[in-house]
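The values are calculated or read from the model by the stated rules, or taken from the named source; none is laboratory data. Remember, it's a predicted structure, so these values are computed and weren't measured experimentally. Cβ: placed from backbone, ideal geometry, glycine included. Neighbour counts: every protein chain shown.
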Amino acid sequence: MCKFAHDRKILFLTIVKSDIYTYRCEPYDPPAFRAWAVKGWCTAIPPVLKLFNKLIDNGFKVILLTGRDQESLGQVTVDNLHNQGFIAYERLIMRTAAYKGQSAVMYKSNIRKQLEDEGYKIWGNVGDQWSDLQGNSSGNRTFKLPNPMYFVP
């Protein structure tokens, strides 16, 4: 196990539709996804949940960053995460009105930079889209999960 001198070590798990949740094998359709996500039926991908728990057990402060809209999907996302076993994360950051219209790369870069300014060291960044991993403050290591369903620029 790695030992770190600083208490504010984090690893991002970027949740954008399919990282934490399995996606119904249909063409990606944003309105249909939103209607489905509101139901809170998103099931955990077992290896991602296992990674999440291993990170928590090893003392990482896991921050979940998503492009999901906080106003319309906030509570259902929290409830769904908890129902699927994602409980001990440090923080869930969702897109607010202040970031509407920004590209995924710009939005996530800005959030990661804010966290670094708060004293966090980003040891790793996990995402299923290149836009999750690109831009500024992407972390010490990035890990791209496969997603054959859709592409977010």
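Computed values, structure above
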{"quantity": "Residue in the stretch 28-42 that is among the β-branched types (V, I, T), modelled with pLDDT under 85 and surrounded by 12 or more Cβ atoms within 10 Å (Cβ to Cβ) present", "calculated": "no"}
{"quantity": "Evaluation of Q129 against (1) surrounded by fewer than 19 Cβ atoms within 10 Å (Cβ to Cβ); (2) modelled with pLDDT under 90 (one fails), failing number", "calculated": "(1)"}
{"quantity": "Residue in the stretch 103-115 that is closer than 27 Å to W41 by Cβ and not in a helix (DSSP H, G or I) present", "calculated": "no"}
{"quantity": "Residues located in the stretch 50-73, provided they are surrounded by fewer than 16 Cβ atoms within 10 Å (Cβ to Cβ) and part of a helix (DSSP H, G or I)", "calculated": "K50, N53, K54, D57, E71, S72"}
{"quantity": "Residue within the stretch 110-119 that is surrounded by 14 or more Cβ atoms within 10 Å (Cβ to Cβ), under 27 Å from P30 (Cα atoms) and either in contact (Cβ under 8 Å) with a residue 60 or more places away in the chain or aromatic (F, W, Y) (or both) present", "calculated": "yes"}
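Listed here are the residues, each with its yes/no results for (1) of a type in the set (V, I, T); (2) closer than 19 Å to L115 by Cβ; (3) at pLDDT 90 or above.
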| residue | (1), (2), (3) |
| --- | --- |
| P47 | no, no, no |
| F60 | no, yes, no |
| L73 | no, no, yes |
| G85 | no, no, yes |
| R91 | no, yes, yes |
| M94 | no, yes, yes |
| G101 | no, no, yes |
